Amino acid sequence: MQNLLKSRHIAGWLLASPLAVVLALFLVLPIVMIVIVSFWGATEFSIYPAFQFDNYEFLFGSPVTYSVFLNTFKYAAITWVFTLVIGFTVAYFLAFHVHSLTWQVALFLLCTIPFWTSNIIRMISWIPFLGRNGLANSTLISWGVIDEPLEWLLFSDFSVILTFVHLYTLFMVVPIFNTMMRIDKSLIEAAYDNGATGFQTLTNVIIPLTKPGIMIGSIFVVTLVMGDFITVRFMSGSQSANVGRLISNDIALLQYPSAAATAVVLLVTVLIVIAVLLRFVDIRKEL
Amino acid sequence: MSTPPDLELVSLTKRYGSTVAVDAINHHFHAGVYACLLGPSGCGKSSTLRMIAGHESVSDGSVVLGGADVSHLPPAKRGTAMMFQNYALFPHLSVTDNVAFSLKMKGVDTATRRKRALEMLELVDMTAQAERLPAQLSGGQQQRVALARALITQPQVLLLDEPLSALDPFLRIRMRSELKKLQRELGITFVHVTHGQDEALALADEIVVMNNAVIEQAGPAREVFNAPRTDFVARFMGGHNVVALPQGRVAIRSDRIGLTEPAQGRLDGRIVTIEYQGTAVTLNLRATGDQDIAALIPEEEFFANPLTEGATVGLTWDDAAMHPLRA
């Protein structure tokens, strides 16, 4: 026993095993279950084990699937663009314009304050603001900018994307800020010494060196938006759909096999998106 | 420009809040000189260099290059180029792209800038590594790339911020001879910041010793070493004793002190320790008035008439070896 423990190989396996067990039980096993159930059959009131492709056939045969997937991609893409622009700007400001560490930490904590409350609360707090008689509309009317309340402010794609951007920008800020802080400040001076303008320094030095952070943030945002269902339901007033809602509706109707099939397709889609992102940037050196 | 320009500092001052990092220094660097700014850390030498480069704003006074005040021009418009302490090579660009960076910023086309970059790499003997990334280079190679990147802008003054401090001692000596050779070939002014007096003596035509935000002494290397004018310079350059005599404080080189019988010399001293150094022997003495004096005696002379620790000897030197120090 003593000799067994002393062997470097055995010790390595033992040290790795707790995490391996946790991942196997709580990640691999559930996914395997979902994949298995996606081949099962269902009636109006029961599900039964089987190995059939009915669920997938129905999924790929329905035009609803394609429009819902397209809508999901649309949300992900627009949210990605806004979170990237806002996140990069905030991170840039924190990393390069705020010189004292104390202020950097203080402002960074300020960014995280909204996260002290739950997602749902942050989400629904937009409703009284954006509603027909909400703060935004009444303010605009009292300023004389508009005569009629704007209908598209709430329960629209606008409100869904606004909420997504609000919820997920920090997931972009953190990795980008982290990468930017590792950029040696003398590189910026060296670029300046070589005659680069501020904009040239940004495009030739800062953005290339921040790519891994941008990529990690993008993966966070894209996966979070693509897997979301509650934001779309609340903020669109159940008028828009994405894949998450498709799955949650199936579950509400106890159509587990159909929900599982949709989940598998969504998982594969997200994995493909991430694989494509990773083709562009090697994030391994960042981890 | 046909004749390379002189670089002048005119009561150049740098203040950070209430602290003065550089206090109204004046100096004239002649064109084509290899100058070393020498001093302990925090003496203001780096701030001075960064003000010349344009990476630090000038609080007062001016930097004059070739008769024109460049104090408020951006770095790239001054005719200076800086080599950074850690070289500051762009980690995502190949050696060639690093060297060609300033040309790319000017909008020079790819073929021309690659050609020019390869010419510069040839100058520093780095053509074989042209396609590598900085992380794949050794410290000495990175330094050559940094040099090439600075020189491709055709500067009139090259500013080097402790360029050798990141290298191991062996490489440091090799790179410093290469720096000197390159400066001779190019004929441009080098201003090199260092805290190592041996480095400054080995490289510089002119040494500017700084301490507490001011220039203590400036002049040709031999003059600064042989005739220090202040206590600080004498101690910092090393190899000197600062001795208090009735006529005032003087600096005397350790190797100019001779031994004689007690009471026969100018001072008496008791030997505290004896260190054999190979070519010479260092005697650390406690002289009259509790002064510590080091005497460097040639090896043969010492062993022809060996002394022991605790012995009392007389110390003697020529009048010419005494350099009176400013109070």
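The values are calculated or read from the model by the stated rules, or taken from the named source; none is laboratory data. Everything numeric in this text was worked out from a predicted model, so none of it was measured. Every residue, glycine as well, gets a Cβ built from its backbone with ideal geometry; the counts of neighbours run over all protein chains shown.
Structure above, values below:
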| read-out | value |
| --- | --- |
| Test: B:Gly269 is outside the structural domain of B:Gly39 (by TED's automatic domain parsing), in contact (Cβ under 8 Å) with a residue 24 or more places away in the chain and part of a strand (DSSP E or B) | yes |
| Scan of segment B:144-178 for residues that are within 14 Å of the chain's Cα centre (by Cα), over 23 Å from B:Leu133 (Cα atoms) and either modelled with pLDDT under 90 or in a helix (DSSP H, G or I) (or both), ordered by number | B:Ile173, B:Arg176, B:Ser177 |
| Spans of strands (runs of 3 or more DSSP E) in segment B:15-86 with at least 1 residues closer than 19 Å to A:Ala190 by Cα | B:80-83 |
| Verdict on A:Ala196 being within 14 Å of another protein chain (Cβ to nearest Cβ), crowded, with 20+ Cβ neighbours inside 10 Å and either in contact (Cβ under 8 Å) with a residue 12 or more places away in the chain or polar (S, T, N, Q) (or both) | no |
| Scope segment B:28-57; condition under 20 Å from B:Leu203 (Cα atoms), more than 15 Å from the chain's Cα centre (by Cα) and not aliphatic (A, V, I, L, M); matching residues | B:His28, B:His30, B:Gly32 |
| Residue that is within 30 Å of B:Lys14 (Cα to Cα) and crowded, with 18+ Cβ neighbours inside 10 Å, where the choices are B:Gln141, B:Gln154, B:Gln217 | B:Gln217 |
| B:Pro40 being surrounded by fewer than 21 Cβ atoms within 10 Å (Cβ to Cβ) and within 14 Å of chain A (Cβ to nearest Cβ) | no |
| Residue check for A:Ser238: closer than 16 Å to A:Ile34 by Cα, among the hydroxyl-bearing types (Ser, Thr, Tyr) and either surrounded by 13 or more Cβ atoms within 10 Å (Cβ to Cβ) or at pLDDT below 90 (or both) | no |
| Residue that is touching a Phe, Trp or Tyr at 6+ places or on another chain (Cβ under 7 Å), part of a helix (DSSP H, G or I) and surrounded by 12 or more Cβ atoms within 10 Å (Cβ to Cβ), where the choices are A:Ala11, A:Ala91, A:Ala76 | A:Ala91 |
| Residue ID - surrounded by the most Cβ atoms within 10 Å (Cβ to Cβ), chosen from residues in segment A:18-68 that are in contact with a strand residue (DSSP E or B) (Cβ under 9 Å, 6 or more places away or on another chain) and part of a helix (DSSP H, G or I) | A:Asn55 |
| Residues that are in contact with a Pro (Cβ under 9 Å, 6 or more places away or on another chain) and within 10 Å of chain A (Cβ to nearest Cβ), drawn from segment B:78-88 | B:Arg78, B:Thr80, B:Ala81, B:Met82, B:Met83, B:Phe84, B:Gln85, B:Tyr87 |
| Hits in segment A:211-220 (condition: in contact with a Pro (Cβ under 9 Å, 6 or more places away or on another chain) and within 11 Å of chain B (Cβ to nearest Cβ)) | A:Pro212 |
| Residues that are of a type outside the set (Ser, Thr, Tyr) and assigned to a loop (DSSP other than H, G, I, E, B), drawn from segment A:119-135 | A:Gly131, A:Arg132, A:Asn133, A:Gly134 |
| Qualifying residue in segment A:94-110 (condition: β-branched (Val, Ile, Thr), free of Cβ contacts under 8 Å to residues at least 24 places away in the same chain, touching a helix residue (DSSP H, G or I) at 6+ places or on another chain (Cβ under 8 Å) and surrounded by 13 or more Cβ atoms within 10 Å (Cβ to Cβ)) | yes |
| Residue match in segment A:243-256 (condition: more than 13 Å from chain B (Cβ to nearest Cβ) and in contact with an Asp or Glu (Cβ under 7 Å, 6 or more places away or on another chain)) | yes |
| Test: B:Val95 is touching an Asp or Glu at 6+ places or on another chain (Cβ under 9 Å), away from every other protein chain (no Cβ under 13 Å) and without any contact (Cβ under 8 Å) to a residue 60 or more places away in the chain | yes |
| Qualifying residue in segment B:88-106 (condition: under 20 Å from the mean Cα position of the chain (by Cα), assigned by TED's automatic domain parsing to the domain that holds B:Gly139 and either buried (at least 23 other Cβ atoms within 10 Å of the Cβ) or not in a strand (DSSP E or B) (or both)) | no |
| Subset tally (residues that are closer than 30 Å to B:Ala234 by Cα and in contact with a helix residue (DSSP H, G or I) (Cβ under 8 Å, 6 or more places away or on another chain)) for segment B:40-81 | 3 |
| Residue count for segment A:162-193, restricted to those that are within 14 Å of chain B (Cβ to nearest Cβ), surrounded by 20 or more Cβ atoms within 10 Å (Cβ to Cβ) and under 31 Å from the mean Cα position of the chain (by Cα) | 1 |
| From B:Ala135, B:Ala148, residue being within 23 Å of B:Leu65 (Cα to Cα), within 14 Å of chain A (Cβ to nearest Cβ) and touching a residue at least 12 places away in the same chain (Cβ under 8 Å) | B:Ala148 |
| Enumeration of residues in segment B:107-135 that are of a type in the set (Val, Ile, Thr) and either surrounded by 19 or more Cβ atoms within 10 Å (Cβ to Cβ) or under 31 Å from the mean Cα position of the chain (by Cα) (or both) | B:Val124, B:Thr127 |
| Residue within segment A:136-152 that is away from chain B (no Cβ under 14 Å), surrounded by 14 or more Cβ atoms within 10 Å (Cβ to Cβ) and part of a loop (DSSP other than H, G, I, E, B) present | yes |
| Residue list for segment B:57-77, restricted to those being surrounded by fewer than 21 Cβ atoms within 10 Å (Cβ to Cβ) and either facing another protein chain (nearest Cβ under 10 Å) or modelled with pLDDT of 95 or more (or both) | B:Pro74, B:Lys77 |
| Selection count where residues are surrounded by fewer than 23 Cβ atoms within 10 Å (Cβ to Cβ) and hydrophobic (A, V, I, L, M, F, W, C), scope segment B:157-178 | 6 |
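Residue by residue, here is whether (1) within 26 Å of B:Phe225 (Cα to Cα); (2) part of a loop (DSSP other than H, G, I, E, B) holds:
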position: B:Val243; (1), (2): yes, no
position: B:Ala251; (1), (2): yes, no
position: B:Pro262; (1), (2): no, yes
position: B:Glu275; (1), (2): yes, no
position: B:Phe303; (1), (2): no, no
position: B:Gly314; (1), (2): yes, no
